[in-house]
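Each value in this text was obtained by applying a stated rule to the coordinates, not by laboratory testing. All figures in this text were calculated on a predicted structure; none of them were measured in a lab. Because the Cβ atoms are built from the backbone with ideal geometry, glycine has one as well, and the counts that use them run over all protein chains shown.
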There are 2 protein chains.
Amino acid sequence: MLAQEIIKKKRDGGVLTSDEIQYFVDGVSRVDDVGASAAAQSNFTDYQASALLMAIFLNGMTVDERRDLTMAMMRSGAEVDFSHVSGAKIDKHSTGGVGDKVSLCLAPLVAACGVPVPMMSGRGLGHTGGTLDKLEAIPGFSTQISLDTFRSQVAEIGMAMIGQKPEIAPADKTLYALRDVTGTVESIDLITASIMSKKLAEGIDGLVLDVKVGSGAFMKTLEDATALAQSMVNIASACGKKAVALLTDMSTPLGLTVGNAIETKEAIDVLRGEGPDDLWLLTQALGAEMLVMGGVAKTLEAASEMMAKARVSGTGLDTFRKCIEAQGGDLRVLDDSKVLPTAKNKTAIESPTSGFIEFVNTEQIGIAALHLGAGRRTVDDKIDPAAGITFDSNHGRHGQQINRGERIATLLHSDIDQQRIDQATAAFFKAIQVRPESPVKASSTISGPSDDRQLGRITSPAS
Amino acid sequence: MLAQEIIKKKRDGGVLTSDEIQYFVDGVSRVDDVGASAAAQSNFTDYQASALLMAIFLNGMTVDERRDLTMAMMRSGAEVDFSHVSGAKIDKHSTGGVGDKVSLCLAPLVAACGVPVPMMSGRGLGHTGGTLDKLEAIPGFSTQISLDTFRSQVAEIGMAMIGQKPEIAPADKTLYALRDVTGTVESIDLITASIMSKKLAEGIDGLVLDVKVGSGAFMKTLEDATALAQSMVNIASACGKKAVALLTDMSTPLGLTVGNAIETKEAIDVLRGEGPDDLWLLTQALGAEMLVMGGVAKTLEAASEMMAKARVSGTGLDTFRKCIEAQGGDLRVLDDSKVLPTAKNKTAIESPTSGFIEFVNTEQIGIAALHLGAGRRTVDDKIDPAAGITFDSNHGRHGQQINRGERIATLLHSDIDQQRIDQATAAFFKAIQVRPESPVKASSTISGPSDDRQLGRITSPAS
């Protein structure tokens, strides 16, 4: 098999065979010296891979090709075996958004309801946060545990939340690094294979997808988000797994906090029966899907009820307690948020005028948090777990009324340069405007604080 | 400047600036550790270059982008200075075809008419031969001479024929190697820049292009060939050089020989006033363009007359004699072809039936010669200068009548495996069929033996 012939085929709009896709992925695995024996047989170099990635970007892939790419990437590494855990193992994946801390309250509640959740997450990059960074704000909490410990912890307490393991889909790591520098990231084919290869290797039986749409998400339009959601559901199905995707609004931040320690606190609040409504309602909706998929509830209504009970009864919080204990975290965090890192400095953001709060570009809230130290621009950046932004619950949400001089939000940060605070403030006011009229709340694109943010639901592959 | 931003721009159909193209070419030059200082400032890697090449392949370039790419590639190395030679220096470039030995008889005749010809050529690869290989069939003839010697020889005898120098457009060498393995060779944008960057660096004032079309050429259709010809004329003009392109038929081999020593002999025959008509007529047509462009003739008619006189009077042959002498070749070759390497063995190809000769796929004649040892598959292959194919002048040309058992052609070869002779014979009969009816001679696609093969002429840039 010749790499250049495979490239030419895709260049000319052809459909690649399973073997051709396998040869490509074997070569990519080889580049990083992973993937062992099969990889040694492929001569697909990195510069050939990037030419093929561009041809895929521009000419697309069929569902069969996406499935083959996903499976080949999955097989480039280990596949976790959860046959020792009875019942269907279900995970959730979010495409990422500003203030998205759903995983932290969702996994314990779902596990408490009897559905095992083996969750493997990534770190935050750019304008969206990462579950790992939020968990690691808890002193002592380790997300770097072995696959064996991961397997036994899910068996024992029903859940575990760990970092992406290098043994899982290593081809994705090499491919992503190549895509990142060759302008081939924003391809639905490649995004689908990247996400699904890692998730399917986790050994799950089903996956609930939270595909975010709006100015705070990667997919800015409902059309793009729907295409990605449909693609992922198709591929899960083609690989013999259950999947459902909720399209959810990310045109305003989720909850009232953006940062790591403060988002962890907010997630714990939800487990304690407190916290903002929008965060709880989305958690409940996603959890209900997982419970039905996991076979412990017959209907979404019954599943929603189970989620609510697990919250009110505190079994969700108990499960999170066991998880924190198993992963070495400081248990006092559940009762005393002062255990979490706290910011040395606070800078109030006050309204320059009287009017109504309108989120016009939520991505800029993520950028503002990044300036404060809450995020990373490159994978090597250090983050400040205490940094971030809290919105006022009465004057900091979309559509709320505010008077001149009242506080919209508070920037949390360490002793950073004034320049960075200025940059954060400037970004903040690119995200938020105070306008004389109440913003039109287009129900399909802008969420209110008591809205579950659902814009759509995709449950079966497109024919 | 960020490589990935440049890639994304072209990926999305944008137009690259001169600076962006320069940054790309600087990076490509760096890859090979050539191009020195400017190159050190670019971080364009080879895997980024191949992604961009694919985006260029699929999304194309404007004339301005092609010009910028050509100029940047040209500036990646040395530019020959011919200001010490008076008059306009004119070269010819052929896109390559089966049996194309025009350069060998053309350059001496044009130089004899007073137009200096500094000719830098490549080696043959695949199904087409190379001028260097043909010249090197002359014992002692060196094509590897320095740029200084090249400059002085053109000044002294009006012509020189040398191999591509590594100092000339080194970025093209790296880019071509990358294109070859990434499925990005067959792009008119990239082919134009590759050819023109090298030719413009030769220090010429004008260029006559022989763009071949048909089954024995890279461009199989008149449409593709016209697009390439127009592109090259556009770029020459955009770079301030004169250019004219003749579109010429390559659906049958040029002349009666395919190979190295035998093609050199055939070219010398033309200089001696002998040889096949089609080879002479094409040489005359291309030479006439060069003489008019060089300012020594006012009209193509007058120029054609000058070419014919240089042939009949022997001044062309004299000029070639000086060239061979200057470049160390055995002068006896002009009077005694036995000085050239001769094949140890001959295998006759006889007609299996009675009928008419029809060339259906001339590329396969090149492949047959390759099997016999006359060509190379990779740049590292050795060639046998004596190997090749001679066609019978009465029964070996398109449309000629033949009886069963009569000889169509003779395969010339050394003591090679019978398997290779069989492969050559099989390829030969993929190229030629003997049919009961005389083939339709579509004047625009199939040349006869006394035809100058011209299918079109492009002299000025498209608006």
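Output the Kirkwood hydrodynamic radius of the protein assembly as shown, Cα pairs only, in Å rounded to one decimal. Don't jump to the answer; show the numbers that get you there.
Values: mean 1/r = 0.0313 Å⁻¹.
Value: 32.0 Å, from the Cα pair sum.
Taking the Cβ of each residue in B:D451, B:D278, A:D148, B:D64 as the centre, tally the other Cβ atoms inside 10 Å and list the residues starting with the fewest.
Working: B:D451 17, B:D278 24, A:D148 9, B:D64 14.
Ordered by Cβ neighbours within 10 Å, fewest first: A:D148, B:D64, B:D451, B:D278.
Which of the aspartates and glutamates could a cross-linker bridge to A:K242, judged by Cα under 12 Å and excluding same-chain residues fewer than eight apart?
Output for A:K242: A:D91, A:D205, A:E289.
Helix B:63-74 versus the longest principal axis of chain B: what is the Cα-based angle in degrees, 0 to 90, to the nearest 10?
The two axes meet at around 80 degrees.
How tilted is helix A:46-59 with respect to the longest principal axis of chain A? Cα atoms for both, answer in degrees (0 to 90, nearest 10).
70 degrees
Once phi is turned into θ = phi - 60°, what whole-Hz ³J(HN,Hα) does the Karplus curve with 6.51, -1.76 and 1.60 give for every residue of the stretch A:377-387, x standing for Gly and Pro?
Computed from phi, the couplings for the stretch A:377-387 are 7, 10, 4, 8, 5, 8, 10, 9, x, 7, 6 Hz.
To one decimal place, what orientation-averaged projected area in nm² is obtained for the convex hull of the Cα set of the stretch A:203-284? Write down the numbers at each step before the final one.
Numbers: hull surface 25.2 nm².
One quarter of the hull surface, i.e. the mean projection, equals 6.3 nm².
How many times 2.2 N^0.38 Å is the alpha carbon radius of gyration of the stretch B:28-173? Write out the running numbers ahead of the final one.
Numbers: Rg = 17.6 Å, N = 146, 2.2 N^0.38 = 14.6 Å.
Compactness ratio reported: 1.20.
Based on the Cα coordinates of the stretch B:354-448, what is the per residue volume of their convex hull in Å³? If you can, show how the numbers build up before the last one.
Numbers: hull volume 10.1 nm³, N = 95.
Dividing the Cα hull volume of the stretch B:354-448 by its residue count gives 107 Å³.
If each label sits 7 angstrom from Cα along the C-beta direction, how far apart, in nm, is B:A308 from its counterparts in the other copies?
In ascending order, 10.3 nm.
Using only C-alpha positions, report the orientation-averaged shadow area of the convex hull of the stretch B:140-245, nm², one decimal. Please report the intermediate quantities before stating the final value.
Values: hull surface 32.8 nm².
Projected area, direction-averaged: 8.2 nm².
Using modelled amide H (1.01 Å from N, peptide plane; none on Pro or chain starts), what sits under 5 Å from the amide H of A:G122, excluding residues fewer than 5 places away?
Close amide H contacts, sequence-distant or interchain: A:T131, A:L132.
To the nearest whole number, what is the average tally of beta carbon atoms from other chains within 10 Å of the beta carbons of peptide A:184-191? Working shown, then result.
On the way: counts 7, 2, 3, 1, 0, 0, 0, 0.
For peptide A:184-191, the averaged partner shielding equals 2.
For A:M232, A:M71, which order do you get if you count the other beta carbons within 10 Å of each Cβ and list the fewest first? Before the final figure, lay out the partial values.
Values: A:M232 27, A:M71 21.
Ascending number of Cβ neighbours within 10 Å: A:M71, A:M232.
Based only on Cα atoms, what mean projected area does the convex hull of the stretch B:187-342 have, in nm²?
On the way: hull surface 40.9 nm².
Over all viewing directions, the stretch B:187-342 projects a mean Cα-hull area of 10.2 nm².
Could you go through the stretch B:190-197 in sequence order and give the Karplus-derived ³J(HN,Hα) for each residue, using 6.51 cos²θ - 1.76 cosθ + 1.60 with θ = phi - 60°, rounded to whole Hz, and x for Gly and Pro?
Running phi through 6.51 cos²θ - 1.76 cosθ + 1.60 with θ = phi - 60° gives 6, 5, 4, 5, 5, 5, 6, 4 Hz.
Averaging the inverse of every distinct alpha carbon separation and then flipping it gives the Kirkwood radius. What is it for chain A, in angstrom units? If you can, show how the numbers build up before the last one.
Values: mean 1/r = 0.0442 Å⁻¹.
When all Cα pairs of chain A are included, the Kirkwood radius is 22.6 Å.
Residue by residue, what Karplus-based ³J(HN,Hα) values in Hz, rounded to whole numbers, does the stretch B:216-229 have, using 6.51, -1.76 and 1.60 with θ = phi - 60° and x for Gly and Pro?
Values per residue, Gly and Pro as x: x, 10, 5, 8, 7, 10, 4, 5, 5, 5, 5, 4, 5, 4 Hz.
Can you sort B:K382, A:K265 so the residue with the fewest Cβ neighbours within 10 Å comes first? Numbers along the way, then the final one.
Working: B:K382 6, A:K265 24.
Least crowded to most crowded, the residues run B:K382, A:K265.
What does the helix-only formula give at 222 nm for chain B: each DSSP H stretch with n ≥ 4 adding -39500 (n - 2.57), the total divided by the residues, and the result rounded to the nearest 500 deg cm²/dmol? List each step's numbers first, then the result.
Working: 17 runs with 202 residues, N = 463.
About -13500 deg cm²/dmol.
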